[in-house]
Amino acid sequence: MNKITVNADIAGRPLSFETGRFALQADGAVMIRYGESIVLCTAMMSEKGKEGADFFPMTIDYQERFYAAGKIKGSRFVKRDGRASDEAVLKARVIDRPIRPMFPKGITNEVQGMATVLSADLVNECGILALTGMSCAMMAGGMPFAGPLAGVRIGMKEGKLIVFPTIEETETGDLDLVVGGTMDAITMVEAGANEVTEEKMLEALELAHTVIKQLCALQMDLVKQVNPVARTFDYAKPSDEILALVAGVISTDDLNTVKGKGKHAIKEAVHTLQEKVKTHFAAEIEAETQSERALNEALQKLIDENMRKNILEKGERIDGRQLDEIRPVSCDVGLIPRTHGSGLFMRGETQVLSLTTLGAPGDAQVIDSMEVDYQKRYIHYYQFPPYSTGDIKPQRGPSRREIGHGALAERALKPMLPAKEDFPYTVMVVSETLTCNGSSSMGSVCGSTLSLMDAGVPLKKPVSAVAMGLVCSDEFKKTGTGTYKILADIQSFEDFAGDMDFKVAGTRDGITALQMDIKVKGITPSMMMEAMTKGKVARESILKDMLSVLAEPRKELSKYAPIIVKMQINPDYIRDVIGKGGETIQKITAECNVEIDIEQTGLVIITAPNGEASAKAQKWIKDITYEPNVGDEFDGTVVSIMDFGAFVEFVPGKDGLVHISMLRPYHVAKVGDVVKLGDSVHVKLIKIDDQGRFNLSMKEFYKDEGDKPTRMDTPAAGAPAVAPAPAPKPSPMGDDTMF
């Protein structure tokens with residue numbers, strides 16, 4: 001065992017890499033430690049390429065372990081750490097996205113990276129450590145990986161940027177920025193923000209890159225000591241010979257026919273060229289001296305190169321747009337009657353229908369995570385069915401891509417949602433991608449904004465989004481100098497053949513979400529600033545089209561949305577509303593068909609399907625929490641008879657004694673002579689003693705023996721004759737409020 005360790009001080013805390021002690025049969029195994037958070041990163045690569053692979057078969061898994069935080073999983077029946085949570089999937093994607101382009105294009109060897117959290121100190125977030133640790137593991141394993149690569153998280157509080165913020169600082173700050181990069185450039189960005197300006201975002205990116213350089217240097221120190229043997233690998237890409245053969249058949253004029261406003265027209269043009277190649281090489285294909293698949297791959301490469309050349313040299317895009325031109329945008333709202341809100345957003349051939357559902361506070365999603373348990377009151381799900389791209393595929397649950405796109409759109413809207421105190425609903429939006437020709441994730445952001453406003457959710461500001469692209473010259477890829485073009489609103493062909501997918505969402509005043517993936521070694525800060533600046537112009541144009549359909553959130557909720565009313569009660573009465581073992585609150589919810597949430601402050605939130613159910617539940621709770629005043633009159637029920645008097649329940653849960661001397665204005669020899677168990681009686685509160693016991697009287701309502709009782713036509717203020725329901729004590733939020 002040859003243990004090797006390297007250390008450095010990063011942002012005031014010790015960070016270390018260690019190899020040679022754990023997972024000795026893995027090709028590469030590195031344990032990264034920051035504070036008391038530890039992640040074991042392992043990397044494996046197959047000896048030979050995967051036969052028939054037309055993509056890089058790499059998988060990355062991020063494995064949360066509840067023991068790492070000293071926790072046992074919350075499920076009553078399943079304690080084993082099982083299927084990866086959405087949070088773990090998102091962290092695995094953050095590792096995968098910057099690492100994948102660092103392998104040679106066309107490699108077919110299977111690569112598997114696994115990041116296992118061994119210790120989570122609940123201060124230093126482990127996912128960002130796993131990105132850096134995985135890079136180090138792949139280099140230590142001698143893989144054809146153009147590293148080192150490192151990841152850094154940047155936070156911001158009160159305008160001050162923080163390197164590797166604590167979990168608490170991230171949750172309460174205005175920026176959560178994750179950056180991946182090499183010694184030379186930034187290669188991946190993921191961010192959620194509270195209207196951060198483009199200038200501040202660039203400052204944060206530059207700060208992140210300075211720390212990335214430190215982490216890359218530390219990895220190089222470790223790998224130098226390991227001195228791994230370089231691994232061999234297999235390619236699956238068109239050979240220069242096949243490219244030359246196809247190029248001899250397909251002219252530039254042929255390649256220039258691959259264009260069109262829509263995906264179908266472009267596909268038809270490609271199919272025509274494929275048929276031309278197939279016809280020309282029919283004899284070779286039949287004799288199996290040439291592969292139709294290899295010929296088509298070579299043709300596709302020529303098409304991609306020609307598309308890139310036209311953009312760089314002529315500024316011509318495949319669909320005829322200008323470089324900064326956005327496809328036509330159309331929007332609609334209120335299309336689906338029974339949902340609480342709906343928004344249809346269409347940009348070119350990308351069409352997304354977002355649907356909003358409003359629920360009770362208790363409908364919030366409970367996240368039982370390794371690090372922090374929390375509730376989500378805003379949930380966004382992104383669906384990408386195969387018909388949206390004209391395909392037929394089996395459905396096996398949400399893909400990693402769907403989970404990632406859903407989280408991105410959720411992050412974009414979250415800062416603009418109203419506070420729980422102002423709008424206590426749990427809000428869920430589902431975005432159905434109906435048609436896709438590029439950037440459906442950003443379409444879901446726009447569709448969600450429209451749907452939320454249609455539902456009457458009082459957003460602070462509307463959010464729009466766009467995907468920007470990049471095409472670089474070969475010289476730029478090799479040297480970092482040369483020509484490049486930034487494209488606005490990329491479609492799928494430009495995404496596939498381009499060098500960057502830069503998604504940005506925000507309001508008119510700043511960025512709320514950012515995600516960048518690139519296929520080249522990195523881009524400069526000035527290029528990122530150009531992409532963000534042009535992206536802002538594109539976002540504002542799209543927002544204008546959105547607001548022309550619905551300028552602001554609707555003033556009223558859908559008639560099908562639940563009614564939410566909040567009441568403030570004395571916290572001392574919480575136990576009375578809940579009842580023994582929850583008996584009382586369960587009875588209220590069942591009989592009134594409502595949901596009730598009670599906070600420790602005494603804030604009661606009632607969610608009801610209609611006003612009648614809401615009023616019934618409110619009255620019940622007011623009865624329970626009513627604080628009687630001397631002189632109030634009540635209609636009550638005799639619940640117990642003693643020799644010295646009768647006990648009367650005059651409000652739910654409260655009873656008082658009517659002493660035998662207070663039953664009638666004349667002498668009563670025996671209590672049972674005038675009242676019986678279960679009798680409905682009218683009583684008056686005459687005293688509350690030092691122990692909080694209630695003394696009641698009935699004699700005021702009788703004159704002579706045999707008389708029927710008399711009472712005031714109007715009950716005492718605050719004490720209705722049938723059921724007491726005075727206004728509760730004033731709350732900081734005022735009287736009962738309906739949403």
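Please specify each residue of the range 26-52 satisfying the condition of being over 19 Å from residue 227 (Cβ atoms) and not in a strand (DSSP E or B).
Residues satisfying the conditions are 35, 36, 50, 51, 52.
Would you tally the residues in the range 461-481 being in a strand (DSSP E or B), closer than 30 Å to residue 546 by Cβ and not β-branched (Val, Ile, Thr)?
The qualifying residues number 6.
Only one of these is modelled with pLDDT under 95, among the basic types (Lys, Arg) and not in a helix (DSSP H, G or I): 261, 267. Name it.
Within the list 261, 267, the selection yields 261.
Looking at the range 610-656, which of the residues that are in contact with a Cys (Cβ under 6 Å, 6 or more places away or on another chain) and of a type in the set (Gly, Ala, Ser) is farthest from residue 358 (Cα to Cα)?
Filtering the range 610-656 for residues that are in contact with a Cys (Cβ under 6 Å, 6 or more places away or on another chain) and of a type in the set (Gly, Ala, Ser), the one farthest from residue 358 (Cα to Cα) comes out as 617.
Determine whether residue 427 is over 30 Å from residue 105 (Cβ atoms) and buried (at least 20 other Cβ atoms within 10 Å of the Cβ).
The answer is yes for residue 427.
Please find, within the range 490-536, the residue that is surrounded by the most Cβ atoms within 10 Å (Cβ to Cβ) out of those that are in a loop (DSSP other than H, G, I, E, B) and out of contact with any Ser or Thr (no Cβ under 7 Å at 6 or more places or on another chain).
The qualifying residue surrounded by the most Cβ atoms within 10 Å (Cβ to Cβ) is 491.
For the range 128-156, enumerate the residues that are of a type in the set (Gly, Ala, Ser), surrounded by fewer than 24 Cβ atoms within 10 Å (Cβ to Cβ) and closer than 28 Å to residue 371 by Cα.
Hit for the range 128-156 is 155, nothing else.
In the range 388-429, which residues are free of Cβ contacts under 8 Å to residues at least 60 places away in the same chain, part of a loop (DSSP other than H, G, I, E, B) and under 17 Å from residue 451 (Cβ atoms)?
Result: 417, 418.
Could you please tell me which pairs satisfy a Cβ distance under 6 Å, a separation of 6+ or placement on different chains, a first residue in the range 327-356 that is farther than 17 Å from residue 385 by Cβ, and a second residue that is among the aromatic types (Phe, Trp, Tyr)?
Pairs found: 331/345; 338/560.
Between 295, 312, 299, 273, which is touching a residue at least 40 places away in the same chain (Cβ under 8 Å), over 23 Å from residue 470 (Cα atoms) and under 46 Å from the mean Cα position of the chain (by Cα)?
Result of the check over 295, 312, 299, 273: 295.
Restricting the search to the range 667-711, which residues are out of contact with any helix residue (DSSP H, G or I) (no Cβ under 7 Å at 6 or more places or on another chain) and at pLDDT below 90?
690, 691, 692, 700, 701, 702, 703, 704, 705, 706, 707, 708
Quick one: is residue 111 farther than 20 Å from residue 191 by Cβ and either surrounded by fewer than 20 Cβ atoms within 10 Å (Cβ to Cβ) or not small (Gly, Ala, Ser) (or both)?
Considered against the rule, which asks whether it is farther than 20 Å from residue 191 by Cβ and either surrounded by fewer than 20 Cβ atoms within 10 Å (Cβ to Cβ) or not small (Gly, Ala, Ser) (or both), residue 111 comes out as yes.
The values are calculated or read from the model by the stated rules, or taken from the named source; none is laboratory data. What you see is a predicted model, and the numbers here were worked out from it, not measured in a lab. Reconstructed Cβ throughout: ideal geometry from the backbone, glycine too, with neighbour counts over all protein chains shown.
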